[in-house]
1. Which residue pairs have Cβ atoms closer than 7 Å, lie 6 or more positions apart in sequence or on different chains, and pair a first residue in region 214-228 that is free of Cβ contacts under 8 Å to residues at least 60 places away in the same chain with a second residue that is open to solvent by 10 Å² or more (accessible area, probe 1.4 Å) and of a type in the set (Val, Ile, Thr)?
2. Checking the structure you have, find out if any residue of region 250-267 is open to solvent by 60 Å² or more (accessible area, probe 1.4 Å), part of a loop (DSSP other than H, G, I, E, B), within 21 Å of Gly68 (Cα to Cα) and at pLDDT 80 or above.
3. Mind checking whether some residue in region 189-208 is closer than 22 Å to Leu57 by Cα and among the aromatic types (Phe, Trp, Tyr)?
4. How many residues does region 17-44 hold that are without any contact (Cβ under 8 Å) to a residue 60 or more places away in the chain and hydroxyl-bearing (Ser, Thr, Tyr)?
5. All but one of (1) within 25 Å of Phe224 (Cβ to Cβ); (2) open to solvent by less than 50 Å² (accessible area, probe 1.4 Å); (3) in contact (Cβ under 8 Å) with a residue 12 or more places away in the chain hold for Glu148, so report the exception by its number.
6. For region 125-155, what are the residues that are in a strand (DSSP E or B) and over 23 Å from Arg59 (Cα atoms)?
7. Does Arg178 satisfy the criteria of being of a type in the set (Lys, Arg), closer than 20 Å to Ser46 by Cα and open to solvent by 40 Å² or more (accessible area, probe 1.4 Å)?
8. Could you tell me whether any residue of region 110-124 is in a helix (DSSP H, G or I) and open to solvent by less than 30 Å² (accessible area, probe 1.4 Å)?
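The values are calculated or read from the model by the stated rules, or taken from the named source; none is laboratory data. Computed from a predicted model, the values in this text were never measured in an experiment. Neighbour counts run over all protein chains shown; Cβ positions are idealised from the backbone, glycine included. With ligands, DNA and RNA removed, areas are computed over all heavy atoms of the protein, side chains included. Shrake-Rupley method; radii C 1.70, N 1.55, O 1.52, S 1.80 Å.
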Amino acid sequence: MVEDVTEVDQSKPSIARVYDYLLGGKDNYAVDREIGDKFIDDLPGSVAIAHSNRQVLVRAVSDIALHGGVRQFIDMGSGLPTADNVHQVAGRHAPDARVVYVDNDPIVLAHGRALLEETTNTRVIRADVRDPEAIREHPDTVSLIDFEQPVAVVLSAILHHINDDEDPRAVVSYWRDRVPSGSYFFISHFRTGHNAETSEAEQVLQATFGRGRWRSDEEIRELFCGMEILPPGIVPAARWRPEAADGVAHVGDADRELTVWEQLIVAGLAVKR
């Protein structure tokens with residue numbers, strides 16, 4: 001674990017740590033806070049994207065565990081542990097749920113393993129989402145996930161960090177082809193806003209991390225190729241099943257007008273038939 005942490009380059013911002021900062025976390029460095037403050041100070045309201053995405057993830061995992069009956073989850077680009085992690089949400093509805101977290105940031109691996117030290121049904125592995133074969137064949141994945149049974153593949157706010165030439169659709173298709181019928185795919189993704197504010201936000205991400213692509217509704221829909229997208233379809237995260245699985249609303253009035261920022265993170269859930 002110490003070895004993992006020593007690999008962290010504190011001079012370079014991390015997607016996971018910037019996101020942690022925007023959510024009010026403490027596991028970040030000055031370089032991450034500098035980027036986060038650009039959004040907070042220069043693009044007021046943009047932080048709503050991070051919160052809206054976190055809330056929809058909780059609702060989706062609850063729904064998959066409670067109504068979908070799935071007991072296995074692979075969370076790609078999971079980020080730093082925060083409140084209501086996938087294993088905690090799934091575990092509330094299915095105590096036997098098994099979760100593999102995947103991230104390529106060494107600090108995520110260190111913090112995740114510390115958090116889950118005494119948890120037998122959860123693993124954290126360091127791997128790149130763009131290398132699904134390495135994830136599939138990782139010993140921790142092999143030991144925990146039974147690919148003969150339905151699996152929930154969680155791609156929460158990660159595919160927009162994959163460039164077009166890296167083929168994010170192929171990443172999804174890899175997993176679709178290797179899980180059985182009854183498996184679920186949850187995707188949330190930055191959506192093209194076609195306005196000055198969102199263009200600036202996209203430019204900040206690209207300039208900071210040297211990658212990233214906000215996509216159109218149709219491009220996001222194509223990521224679910226070959227699967228049945230469930231109601232309400234691909235919609236702003238705050239509009240995706242605003243009533244949680246337990247019937248308690250977590251995002252306010254579903255009919256309220258969304259901010260321009262809340263409209264920029266969309267979510268969808270699909271099932272492989």
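1. From region 214-228, the pairs are Trp214/Thr192; Arg215/Thr192; Ser216/Thr192; Asp217/Ile234; Ile220/Ile234; Arg221/Ile234.
2. no
3. Yes, region 189-208 has at least one match.
4. 2
5. (2)
6. Residues satisfying the conditions are Ile125, Arg126.
7. Criteria not met by Arg178.
8. Yes: region 110-124 contains one or more residues that are in a helix (DSSP H, G or I) and open to solvent by less than 30 Å² (accessible area, probe 1.4 Å).
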